[in-house]
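Notes follow the structure.
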Amino acid sequence: MKLEIGQSSELGVHEQLHGREKPHRRSECGKSFNQSSTLIYYWRSTLGKDPTGVAVSCRMFPLLLLALSICAHPGTGRLEKEVAAVLELLRTLSPTSELLRDVGTQEVAALAQRAAREFSERYVECPAIMPRCLWGARPYRGTPAPLQPPLGSVFLHHTLEPSRPCQTFSACARAMREMQRFHQDTRGWDDIGYSFVVGSDGYLYEGRGWHWVGAHTKGYNTQGFGVGIVGDFTAPLPAPDTLALVRDELLPCAVHFGHIRPDFILRGHRQLGHTDCPGNALFQEIQSWPGFQGTP
């Protein structure tokens with residue numbers, strides 16, 4: 001497998017595991033991660049580093065993907081050890097030895113642990129989540145505030161605009177960029193408000209992700225994750241597969257990996273604010289889902 005430094009091997013993983021439409025490779029993927037990836041930012045901040053000093057982790061990102069693609073198999077503990085071993089090997093080989101010259105053994109081990117967990121969540125045990133660099137996210141404005149998991153709530157939204165479900169990766173990526181521009185430029189927020197967005201192409205899209213406070217449910221942003229489904233669901237429902245992606249895959253995954261509590265509460269946006277969101281049809285649907293609770 002040939003991996004160009006600065007490019008991502010994630011697409012091959014998606015194709016092998018999911019067999020869905022192939023997202024277009026973005027030549028600036030590595031650069032986008034350097035600017036705005038919550039994953040890279042999280043790795044550095046949890047290691048007690050300067051949150052703005054992400055050069056080492058970003059430099060290591062394609063190498064982590066290479067190591068994961070070589071080692072990937074069930075079992076996060078074993079995967080973690082093998083990723084660390086591959087990274088140590090890459091420190092001895094040209095040209096990767098230059099990239100890893102200033103990276104200590106302790107940081108390699110910590111990054112391998114985090115990478116194995118994130119990889120298992122993102123590609124194996126959870127539904128596929130398209131990272132920010134693949135949909136072309138702008139950088140976050142300012143410094144994101146960390147969440148304190150496990151959280152107790154999930155808040156469901158429809159995007160309203162775009163009003164039509166996105167059926168392909170290119171359409172969903174475009175919708176993500178449009179929403180981020182609106183939230184940043186018109187609303188004056190630091191980033192796209194949702195934690196995750198659900199397309200009708202079979203993928204989830206990373207907004208603020210698992211680790212950072214969103215701007216989705218005023219007064220409750222620190223208490224739960226905001227999940228938006230692309231479309232207007234006042235009358236029609238999302239496709240059955242789209243509903244199942246949230247109900248049967250995302251929510252159990254979030255519980256399993258400690259992002260939300262097992263006794264989490266699911267609510268529609270309208271229960272906590274003056275809005276019709278997530279639309280009459282979708283709101284009626286989620287009342288039968290595990291965790292749904294009436295208006296507080």
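The values are calculated or read from the model by the stated rules, or taken from the named source; none is laboratory data. Computed from a prediction, not measured in an experiment: that's the story for all the values here. Neighbour counts run over all protein chains shown; Cβ positions are idealised from the backbone, glycine included.
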Practice task
Taking the options 142, 202, 193, name whichever one is touching a helix residue (DSSP H, G or I) at 6+ places or on another chain (Cβ under 6 Å) and either surrounded by fewer than 17 Cβ atoms within 10 Å (Cβ to Cβ) or assigned to a loop (DSSP other than H, G, I, E, B) (or both).
Solution key: 193
Handout entry: Cross-chain or 6+ apart pairs with Cβ under 6 Å, the range 181-198 first and within 17 Å of residue 209 (Cα to Cα), then of a type in the set (Lys, Arg) and exposed (fewer than 14 other Cβ atoms within 10 Å of the Cβ)
Key = 190/141
Problem - Pairs with Cβ under 8 Å, 6+ apart, first in the range 237-258 and aliphatic (A, V, I, L, M), second in a helix (DSSP H, G or I) and surrounded by 19 or more Cβ atoms within 10 Å (Cβ to Cβ) - result: 237/282; 237/285; 243/285
Problem - Residues located in the range 270-282, provided they are within 24 Å of the chain's Cα centre (by Cα) and in a helix (DSSP H, G or I) - result: 282
Problem - Among (1) closer than 13 Å to residue 155 by Cβ; (2) touching an Asp or Glu at 6+ places or on another chain (Cβ under 9 Å), the one test that residue 234 misses - result: (1)
Exercise for the section: Please enumerate the residues belonging to the range 157-174 that are over 16 Å from the mean Cα position of the chain (by Cα) and crowded, with 20+ Cβ neighbours inside 10 Å. Expected result: 157, 158, 159, 165, 166
Practice task
Tell me, please, whether a residue that is surrounded by 24 or more Cβ atoms within 10 Å (Cβ to Cβ) and within 18 Å of residue 150 (Cα to Cα) can be found in the range 233-253.
Solution key: no
Fill in the blank from the handout: Residues in the range 175-190 that are within 18 Å of the chain's Cα centre (by Cα) and part of a loop (DSSP other than H, G, I, E, B) total 1
Completion exercise
Within the range 207-216, the residues that are assigned to a loop (DSSP other than H, G, I, E, B), surrounded by fewer than 24 Cβ atoms within 10 Å (Cβ to Cβ) and touching a Phe, Trp or Tyr at 6+ places or on another chain (Cβ under 9 Å) are 209, 210, 211, 215
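Residue-wise test of (1) among the charged types (D, E, K, R); (2) modelled with pLDDT under 90; (3) not assigned by TED's automatic domain parsing to the domain that holds residue 178.
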position	(1), (2), (3)
112	no, yes, yes
115	no, yes, yes
119	no, yes, yes
132	yes, no, yes
135	no, no, yes
138	yes, no, yes
141	yes, no, yes
144	no, no, yes
157	no, no, no
